[in-house]
1. Fewest first, what order do His67, His228 take by the number of other Cβ atoms within 10 Å?
2. Lysine pairs in segment 73-253 with alpha-carbon atoms under 20 Å apart, 8 or more places apart or on different chains: how many are there?
3. Does segment 161-230 come out rounded, prolate or oblate by the C-alpha gyration tensor, with a ≥ b ≥ c the root eigenvalues, rounded set by a/c under 1.5 and, if not, prolate when a/b is larger than b/c and oblate if not?
4. Which order do peptides 166-179, 82-95 fall in by mean Cβ count within 10 Å, highest first?
5. Measuring from label point to label point, each 7 Å out along Cα→Cβ, what is the Gln74 to Ser61 span in nm?
6. Ordered by packing density, taken as the mean number of other Cβ atoms within 10 Å over each peptide's residues, highest first, how do 133-139, 245-251 rank?
7. Would you mind working out the magnitude of the charge dipole of segment 1-90 relative to its Cα centre, with +1 at each Lys and Arg C-beta and -1 at each Asp and Glu C-beta, to the nearest 20 Debye?
8. State the extension gain, in nm to one decimal, for the chain segment bounded by Lys90 and Ile8, taking 0.36 nm per residue of separation less the distance between their alpha-carbons.
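What follows is calculated from the coordinates using simple rules that are stated; it is not laboratory data. The shown structure was predicted, so the numbers you read here are calculated from the model rather than taken from an experiment. Every residue, glycine as well, gets a Cβ built from its backbone with ideal geometry; the counts of neighbours run over all protein chains shown.
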Amino acid sequence: MLRQAGIIQGKIITTFRGIDISRYVQEQGINVYDRLFAEGYFFLANCKFFQKRAISLGCNSQKILVHGSGIDCQKFAFQPRFYPEDGQIKIATIGRLVEKKGIEYAIRAIAKVAQTYPNIEFNIMGDDPLKEHFQQLITELQLDNLVKLLGWKPQPEIIEILNKSHLFVAPSVTARDGNQDAPVNTLKEAMAMGLPVISTYHGGIPELVEDGVSGFLIPERNSNAIAHKLDYLISHPQVWQPMGAAGRIRVEEKYDINKLNSELITIYQQLLHEQLPQTEVLTYSASSLSI
């Protein structure tokens, strides 16, 4: 509408990143992007999962590429993980305290694991609506000494906490409002630092975590499955180093922001010269713009 009104000119390039292709579609209906798909010049999605969703909604499959979100791997130094001398296993998660992040299921899993391994610590970094609910759950499960709601933390503090952690959990779920995740940046950061991870078969996450190689994937909303994988990792610390190393390699290969930015430039240059990119690449991009 802005272009038709003469306010902007040029080709419209749109990137789908998460809420826009999950919750928003559920709220507005499956035809919400019909006009955009008809008039847009090219489309990007930050994972294959959302690319397929866009195509199912009517996007031309020849006009959409996967174009991922990257991290600066140099800021997240890799270090091998070893079983601590004091025996205290530190587990971490990062994310807004909302339904989609599935943190409730991780808390319930910790309650199960603590029955066998009471010397664990679960640090939750994040804030927002469900904080009070989670604190009540922690108290009900008698986990106040084991589970800590640390609130929002700046990146240097997050890195410091992850440096002292042994395992990372990212139990994303499909929220009741339809909201879903692409491969989560905090999960990439943890993997880049060498942490074995547990996550879910959810959204674009299986494109990041290779089950049994760089971590484990389990079904959504399954605290028993999270507990089972935590139990396995705690009792098999010999797998921490190879899993952590595989995670670092995966992130460096597919999600390094410097590589992705270069690929993004290439894509835009091709589009400016009336060429539709033919090779599917992963790139970081802004949300929607006109060139």
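1. Working: His67 25, His228 17.
The most exposed by this proxy come first: His228, His67.
2. Total qualifying Lys-Lys pairs in segment 73-253 comes to 29.
3. Values: a/c = 1.73, a/b = 1.37, b/c = 1.26.
It comes out prolate by the Cα gyration axes.
4. Values: 166-179: 21.6, 82-95: 16.3.
Sorting 166-179, 82-95 by mean packing, highest first, produces 166-179, 82-95.
5. Computed distance between label sites Gln74 and Ser61 equals 4.0 nm.
6. Details: 133-139: 14.6, 245-251: 20.6.
My ranking of the peptides, most packed first, is 245-251, 133-139.
7. Details: 12 positive and 7 negative charges, 49 e Å.
That gives a dipole near 240 debye.
8. Values: separation 82, 0.36 × 82 = 29.52 nm, distance 5.14 nm.
Taking 0.36 nm per residue and subtracting the Cα distance, the gain is 24.4 nm.
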